[in-house]
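One structure is given below, encoded as structure tokens.
What follows draws every value from the coordinates through simple rules; no lab data is involved. This is a predicted model, so every value here is computed, not measured. Note that we place each Cβ from the backbone using ideal geometry, even for glycine, and neighbour counts take in every protein chain shown.
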Amino acid sequence: MGIDNLEDLRTTRLAQVNAEMISKSQLLEAIAGTNRGLLATDADKVAILSAIAQLEDHNPTPRPLEASDRLDGNWRLLYTTSKGLLNLNRVPLLQLGQIYQCIRTSTAKIYNIAEFGGLPYLEGLVAVTAQFEPISQQRVKVKFDRSISGLQSLISYRSPKEFIHQIEIGKKFPAIDFNIESGDQQGWLDTTYLDDQLRIGRGNEGSVFVLAKV
């Protein structure tokens, strides 16, 4: 390969990186102030979905399931259209706090954790664990297997990382803690954009998720 060809490749790559950075900035600007989608207007939703599609066109990780170093970790929700998650804000006396999706590729597990604030000493938590199975280069089949909900103080909740460690060592919590047996509690999730800081997912119910790595 000649010097001119190398220079052309370098120029093309720089143009791709610049386009990706611009698209990411536009998306983050579009979701700012929407409180993860709770305050998004119809016009906001249209603009955000357009910005998501543009960023997906510049996905630097087309095979996310092979990039475990990027995919693995704790991800904080920035925006979603999922009614199931947004409806968590309707829990009486409690205010929805941070929502996390934590992925452990070594054990093929997903941990969804929603924190709640509100009255003193009544901070709450709702968590669902799931097993995932790759079915394509970017899609996993998800089967939910455990649900935990209760007061953070009784669960001794400090952080997603510590909480997940307690689950992994088999701890049972003084909370509503039960196994999910129904085969209906499953779906799939595509990872359509992934870099070291940001992840975009699309679920089987048509929902989109934008998350930032913690």
**Asked** Can you run phi through the Karplus equation (6.51, -1.76, 1.60; θ = phi - 60°) for the range 75-90 and list ³J(HN,Hα) in whole Hz, with x for Gly and Pro?
**Response** 10, 9, 6, 9, 7, 7, 10, 5, 5, x, 6, 5, 6, 4, 6, 8
**Item:** About the Cα centre, charge dipole magnitude for the chain (Lys/Arg +1, Asp/Glu -1 at Cβ), debye
**Value:** 580
**Asked** Along the charge dipole of the chain, which of Asn87, Ile48, Val140 sits closest to the positive end, that is, farthest toward it, with unit charges on the beta carbon of Lys, Arg, Asp and Glu (+1, +1, -1, -1)?
**Response** Asn87
**Message:** Rounding to the nearest 10 and keeping the result within 0 to 90°, find how far the Cα-based axis of helix 42-56 lies from the longest principal axis of the chain.
**Reply:** 60
**Complete:** Low-density loop GluC sites (Glu not before Pro), the range 133-214, at most 16 other Cβ within 10 Å, DSSP non-H/G/I/E/B, are Glu181, Glu205
**Message:** I need the chymotrypsin sites (Phe, Trp or Tyr not before Pro) found in the range 108-211, filtered to DSSP loop residues with at most 14 other beta carbons within 10 Å of theirs.
**Reply:** Tyr121
**Message:** Testing the spin-label approximation: label points 7 Å from Cα along Cα→Cβ at Arg63 and Val91. State their distance in nm.
**Reply:** 4.0
